[in-house]
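Working notes, beginning with the structure itself.
Bear in mind that the values in this text are calculations on the coordinates, not laboratory data. Treat the numbers as computed from the prediction; the structure is a model and nothing was measured. For neighbour counting, all protein chains shown are included, and Cβ atoms are generated from backbone atoms with ideal geometry for every residue, glycine included.
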Amino acid sequence: MDPAAGSGALWVGLRRRSANGEGGRGTRRVRVRCRRGPPGCRAPGTMEPAEAEFLAEKELVTIVPNFSLDRIHLIGGDLGPFNPGLPVEVPVWLAINLKQRQKCRLIPPEWMDVEKLEEIRDQERKEDTFTPMPSPYYMELTKLLLNYASDNIPKADEIRTLVKDTWDTRIAKLRLSADSFVKQQEAHAKVRWGRLERFASSVLGVFQMPCDCVGL
Amino acid sequence: MRARPRRLAGSGGGMAAAGGEGMRTEQEPDSDGGSEELVLTPAQLIRSLEQAWLNEKFAPELLESKPEIIECVVEQLDHMDANLKRAKKGDLKVSVHHMEIERIRYVLSSYLRCRLVKIEKFFPHVLEKEKSRAEGEPSILSPEEFAFAKEYMANTETYLKNVALKHMPPNLQKVSLLKSVPKPNLDSFVFLRVLERQENILVEPETDEQREYTIDLEEGSQHLIRYKTIAPLVASGAVQLI
């Protein structure tokens, strides 16, 4: 199988079998490329990385503000009060905005630590099944926090590499299990091992294609 | 039992620094004592909007329309907008509220856009389903969407007639849009997360050698299964598509 390309085009190599299970016309490799249309207009059934990031931005992260403000009553809930020097939890979208305006300092989540991530990566490589990840949005959060607040996070580059390695291993496992799912013409699969990334259904967005090909 | 979020009371004051900030929500008890209405806080309302958005995004067919959620969300956004207009400029709170409004507005418009894409894609089937709907069943189209779908159908028919059909021999001048436009593929696979435990879901066999079997869906587990099998669970809110 082709490794995950970094550029944004995703090549998924899948074998196509004819419906009666015999070789038939022989097995053919089907390559599918995810089209990159303008955001928001992809076919229903897939989630774009930007949308996964949008959902990830709702997660809470701790910041230390340098301003003071009393409680804010947002539609989605209450935040604050903000006092200089006192840590407070806010959603990532707000944390990043405040950081860009230099109004706060971000505290990395406790799982964003080199040793913990090394452990997770090694376990992921060892096991055949998926390891439970510390956050369903670990990939998006890493990208966001390291892009905007890398000065607040120690050993940012190492963390980036570790998370990318773990991601690659998981995506490879996902593709392998999807491939065997299609080949064995399964009707149902239960994800037994922790939670999958949000992006999983998008990576497997081409999933609909092989099933149609096989005439299921 | 349909959930009907109540109109949520907002505080009278605007964004004054002294008084209440923006929307204060109160959960009023149901004055008519009806058992059908469910009181939702704005946070729950936004969560249910996001759930509806994700379900609509991943489902291959057009799902039930949720006019009450949309109405309440628009009301909240308008209320907050009005508050922001009255507030003094340059305040940090104003920008935070504004950001949140933009985020909610994005989810809402993405949801509506997704529905419109599906309506345009499957318009004869959507209209047919609406026509053959029983009296008490919930509608899959809001009144505006219904008007849009009808207009789209009329325009497509006129276009086909003017561009091609009227030049055909008389016995070939009819085309059945219901037959020619592809139907939504209900057999496509979807990922889902279980919100409420379900038992004995029947999974049909894929090949002739397999037999059908039943599975139980535990709360919080994730599955990959054909949409057709779990379509009613999506409608009832027992599972969430991911």
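General remarks:
- Calculation over all alpha carbon pairs of the range A:111-198 in 5 angstrom steps from 0 returns a P(r) of 2, 13, 24, 22, 15, 10, 7, 4, 2, 1 percent.
- Sorted by Cβ density within 10 Å, fewest first, the residues B:Phe148, A:Phe82: B:Phe148, A:Phe82
- Long pairs among A:Lys99/B:Lys88; B:Lys118/B:Lys228; B:Lys166/B:Lys228; B:Lys57/B:Lys93, criterion Cα-Cα beyond 28 Å: B:Lys166/B:Lys228; B:Lys57/B:Lys93
- Here the range B:53-80 and the range B:140-203 have alpha carbon centers that stand 21 Å from each other.
- Dipole-positive endmost among A:Asn152, A:Ser135, A:Trp111 within the range A:111-198 (Cβ charges, Cα centre): A:Ser135
- Taking N as the residue count of the range A:57-107, its C-alpha radius of gyration divided by 2.2 N^0.38 Å amounts to 1.00.
- Inter-chain shielding of B:187-198 (mean C-beta neighbours from other protein chains, 10 Å cut-off): 4
- The range B:59-194, dipole about Cα centre (Lys/Arg Cβ +1, Asp/Glu Cβ -1), debye to the nearest 20: 460 debye
- Residues of type aspartates and glutamates that B:Lys179 reaches as a straight line, Cα spacing below 14 Å, ignoring anything fewer than 8 places off in the same chain: B:Glu128, B:Glu157
- Lys pairs, the range A:111-198 - Cα-Cα below 27 angstrom, 8 or more residues apart or on other chains: 19
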